[in-house]
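Since the structure comes first, as structure tokens, the remarks are kept for the end.
The values are calculated or read from the model by the stated rules, or taken from the named source; none is laboratory data. Everything numeric here is computed off the predicted structure, so don't read it as measured data. Cβ: placed from backbone, ideal geometry, glycine included. Neighbour counts: every protein chain shown. Keep in mind that these areas ignore ligands, DNA and RNA; they rest on the heavy atoms of the full protein, side chains included. Shrake-Rupley method; radii C 1.70, N 1.55, O 1.52, S 1.80 Å.
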Amino acid sequence: MFKGKTALVTGSTSGIGLAIATAYARNGAHVVLNGFGDPAEVEKTRAKLAADHGVTVHYDGADLMKADAVGAMMKRALEAFGTVDILVNNAGIQFIAPVEEFPPAKWDAIIALNLTASFHTIRLAVPGMKAKGWGRIINIASAHALVASPFKSAYVAAKHGIAGLTKTVALEVAEQGITMNAIAPGYTWTPLLEKQIPENAKLRGISEEQLINDVFLHAQPTRKFVQVGELAALAVFLASDAAASITGTIIPMDGGWTAH
Ligand code: NAD
């Protein structure tokens, strides 16, 4: 489906991003992986993706909290592949604390990675997309782009911000064959979710099991975690020609959470 196209997926050494990058490679796209991880493991993933699907796969370890590093990563990708046809802004972190105890440095880090990095990748990818008259930008937002939960002030602010960025740029590029959408996942079992469990349970004064059943799964009427493969399938659809008229949307995949 994406033969000859290049997909850059930020934060794709793990979780949702890795599932999306794998799905694009499976559908014929060359892929730029990004994110942190054990170098040997990352290289194994890169080489396997390339060998399994007969596509070129690059790994770029840029730290996207730094604007200069985002610029350098985009420059390397554009030099290697000509354009980034499909851009997925997925890298993200979480930190939870009551607002009066929220460390300012954590606020800055979350805004830098979960919001500002996407501004930089988008502004640097759009000229090449315009020149080709085709492009797909998909931002992995969150149900927290639509609703809030306590103790996640920076994350919820960044995710609401990405929803606004999605709508704005979609309007700017709508006549140029470029679409821009956000996917808003509900609770999805990945390292990001797993890592927050002990602190989140402590802050709420409940057990970890209660957090999983009475908070996470209670939010989702399906009573199930979203699967990374489901999110990847939606990302493939949004990048397909069949989705050419879908733009400027925030699409929940949250087991019914935001229907409440
Ligand atoms: P994850 O922790 O499994 O993956 C995060 C990825 O981002 C990793 O590849 C990591 O190396 C990378 N990363 C972290 N800091 C980085 C940095 N400074 N520069 C570059 N890369 C960096 O998390 P995930 O759950 O797969 O989350 C992916 C996205 O989905 C995030 O934006 C997250 O907010 C969003 N999301 C997750 C859930 C969930 O329940 N897991 C729900 C809604 C939205």
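Quick one: among Gly28, Gly92, Gly37, which has the greatest mean-square fluctuation in a GNM of the chain with alpha-carbon springs under 10 angstrom? Result: Gly37 has the largest fluctuation of those listed.
Would you list, by chain and number, the aspartates and glutamates whose Cα falls below 16 Å from the Cα of Lys75, excluding same-chain residues fewer than 8 positions away? Partners within reach: Asp60, Asp63, Asp85. Computed over the alpha-carbon atoms, region 1-129 gives an Rg to Rh ratio of 1.01, Rh here being the Kirkwood radius from the mean inverse distance. Using only Cα coordinates, the Kirkwood hydrodynamic radius of the chain works out to 18.5 Å.
Per-residue surface analysis assigns Phe36 an accessible area of about 140 Å², computed on protein heavy atoms at 1.4 Å probe radius.
Look at the alpha carbon pairs under 8 Å that are at least 6 residues apart: their mean separation over the length of the chain gives a relative contact order of 20 percent. Solvent exposure of Met253, expressed as accessible area, is near 50 Å², computed with a probe of 1.4 Å over the protein chains only. Gain on full extension, evaluated as 0.36 nm per residue between Asp214 and Ala51 minus their Cα-Cα distance, stands at 54.4 nm.
Here region 184-259 is assigned +1 on the Cβ of each Lys and Arg and -1 on the Cβ of each Asp and Glu. Its dipole about the Cα centre then comes out at about 100 debye.
Please enumerate, by chain and number, the lysines with C-alpha under 24 Å from the C-alpha of Lys48, excluding those fewer than 8 residues away in the same chain. Straight-line reach from Lys48, under 24 Å: Lys3, Lys5. Annotation: for a label point projected 7 angstrom from Cα along Cα→Cβ of Arg223, residues of region 236-260 with backbone N closer than 19 Å are 254-260. Cut-off 10 angstrom, C-alpha nodes, Gaussian network model of the chain. Which of Ile138, Ile110, Ile93 fluctuates the most? The residue that fluctuates most here is Ile93. The alpha-carbon of Lys167 sits under 19 angstrom from the alpha-carbons of these lysines, leaving out residues fewer than 8 places away in its chain: Lys130, Lys159.
Taking every DSSP helix (H) stretch of at least 4 residues in the chain, weighting each as -39,500 (n - 2.57) and dividing the sum by the residue count yields a mean residue ellipticity at 222 nm of -14000 deg cm²/dmol.
Across the protein chains, with a 1.4 Å probe defining accessible surface, the residues His30, His120 rank His30, His120 from largest area downward.
Sorting the segments 181-194, 45-58, 11-24 by their residues' average number of neighbouring beta-carbon atoms within 10 angstrom, most packed first, yields 11-24, 181-194, 45-58.
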